[in-house]
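Taking it in order: structure first as C-alpha cells, then the write-up.
Where a number appears in this text, it was derived from the coordinates with a stated rule and is not lab data. Just so we're clear, the structure is a prediction, and the values are computed from it rather than from any experiment. Note that we place each Cβ from the backbone using ideal geometry, even for glycine, and neighbour counts take in every protein chain shown.
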Amino acid sequence: MCLRVKFYPPDPATLKEEITRYLVFLQIKRDLYHGRLLCKSSDAATLAAFILQAEIGDYDPGKHPEGYSSKFQFFPKHSERLERRIAEIHKSELIGQSPETAEMNFLRKAQTLETYGVDPHPSKDVSGNAAFLSFTPFGFVVLQGNRRIHFLKWNEVTKLKFEGKTFHIYATHQEDQKIILTYFAPTPEACKHLWKCGVENQAFYQFEKSSQVRTVSSSNLFFKGSRFRYSGKVAKEVMEQSAKIRREPPEIHRSGLVPSRSCPSITHGPRQSSVPRTRRRAVHISIMEGLESLRDSGHSTPVRSGSDGNSFLHSYRNQAEGGNRTRMAEFSEDSYSPSDSVLPTPVDSSPINENSIIIYSPLCCSKPTMFLSLHCMSR
C-alpha cells in the first residue's frame with residue numbers, strides 16, 4: 001500500500017499545511033527517482049541537493065566524508081560529475097535550511113519544470129516513434145525525445161475523443177485556429193483510460209464549481225456509447241474549503257533515509273552505471289542514459305497488446321499561419337523514457353474498489369483533499 005498524488009497542485013507552495021506539502025514532496029521525489037520528472041543536469045543537481053538537505057541536514061565533515069553523495073541514488077542513473085555538483089550545492093548553498101524549508105524550495109523548483117505533474121501515457125506518432133502524452137495542472141502535453149512538442153492549455157481544449165486505439169484532442173488555439181491532434185495508444189483499453197484521465201483532469205483544473213461538470217461521451221467504433229463524468233470537487237473548491245479548516249498542525253514523522261519498495265526515499269547503495277569504473281572520470285553519464293523504454297506493466301495505462309499505430313496532426317489552417325503552435329521546449333539533455341519500475345496506476349472504473357481508494361477526508365490533509373489518492377498495489 002502506498003500513497004500517490006493523482007492531481008498535482010498547480011503551485012505546491014500555496015498548500016496550507018506542512019504535512020500536505022511533505023506528502024507532495026515525497027511524490028515528486030519519487031517522480032525524480034523513476035525518471036518521470038526529467039530535467040536538465042543543473043536543475044537535477046539542485047533538486048537532489050534539496051533532498052539531501054531535507055533528509056540529512058547541514059553538511060558535516062565529521063559525518064559526511066568525501067564522496068558521501070555517491071551513496072545515495074536520486075535518479076535512475078547519474079554520473080560522478082553530477083554527484084560532485086550535488087555535494088557542492090549541499091555544502092555551500094543550503095546551510096541552515098530546515099527540512100521544511102528545503103522541502104518547500106524543492107517544490108518551488110520542481111513546479112517550474114516542463115515535466116512537473118506528468119503521468120506518462122506512451123503512444124506512437126506518424127512515423128511510429130515513441131511519444132508520451134500527459135495531462136498536467138496546466139494542460140495537455142506531448143513529450144517526444146527531450147522536447148515538449150505540444151502544449152495546450154486547458155481553456156484551449158474543446159473536446160477529447162477516442163476510437164479504439166486512436167485518441168483525438170480538439171483545440172482552439174490563437175485567433176480561433178482549430179487543430180486536432182491524433183495519437184495511437186497501444187490498446188483500446190489503454191486509449192479509453194487515457195481519455196478518462198484527460199476528461200477528469202480537465203474538469204478538475206478548469207471548472208470553477210463541480211456543478212458545472214457534465215457527463216462526457218465519446219462515440220467510437222469499439223466502445224459505443226462510452227460515457228464518463230468526473231465525480232468530486234474541483235481544484236478551486238478544494239482550495240476554498242480547506243482554507244476554512246482550523247486545527248492544530250499535525251505532527252510529521254519524516255521517513256528519513258529508509259528506502260521503500262514502492263516509494264523509495266534516497267536509496268542507499270552504489271549508483272547504477274553502464275560505464276566501467278576506470279572510465280567514469282572521463283565520461284559524463286547522462287541521468288537517463290541507457291534506460292529501457294517504459295514497459296507495458298510499468299506505467300499508468302492498461303496495455304494488453306503491443307501493436308503499433310500511427311499519428312497525425314490535422315489543422316484547419318496552414319501551420320505556418322498559426323505561428324509556433326507546438327510551443328516546443330527542450331527540457332533535458334536526455335530523451336524522456338521513464339523507468340519501467342514505475343508502478344501502474346489502477347484503472348478499474350469503479351470509484352471505490354480493492355485496488356484504489358480516493359482520500360476525501362480533510363482530516364488526512366486539509367489542503368489538497370482531492371489532490372491525493374491512495375493506491376493499494378497488489379504484487
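Using only the Cα atoms of region 127-172, build the gyration tensor, take square roots of its eigenvalues as a ≥ b ≥ c, and label the shape rounded, prolate or oblate: rounded if a/c is under 1.5, else prolate if a/b is larger than b/c, else oblate. Here region 127-172 falls in the oblate category.
Note on 47, 94: ascending count of other Cβ atoms within 10 Å places them as 94, 47, the fewest first. Database remark: amide H of residue 213 closer than 5 angstrom to no amide H (H placed geometrically; neighbours at sequence offset of 5 or more, or on other chains; Pro and chain starts carry no H). The ranking of 328, 239 by Cβ neighbour count inside 10 Å, starting from the fewest, reads 328, 239. About its Cα centre, the dipole of region 49-157 is roughly 360 debye, where the only charges are +1 on Lys and Arg Cβ and -1 on Asp and Glu Cβ.
So, in Å, what gap is there between the alpha-carbon centers of region 137-171 and region 48-100? About 37 Å separates the Cα centre of region 137-171 from the one of region 48-100.
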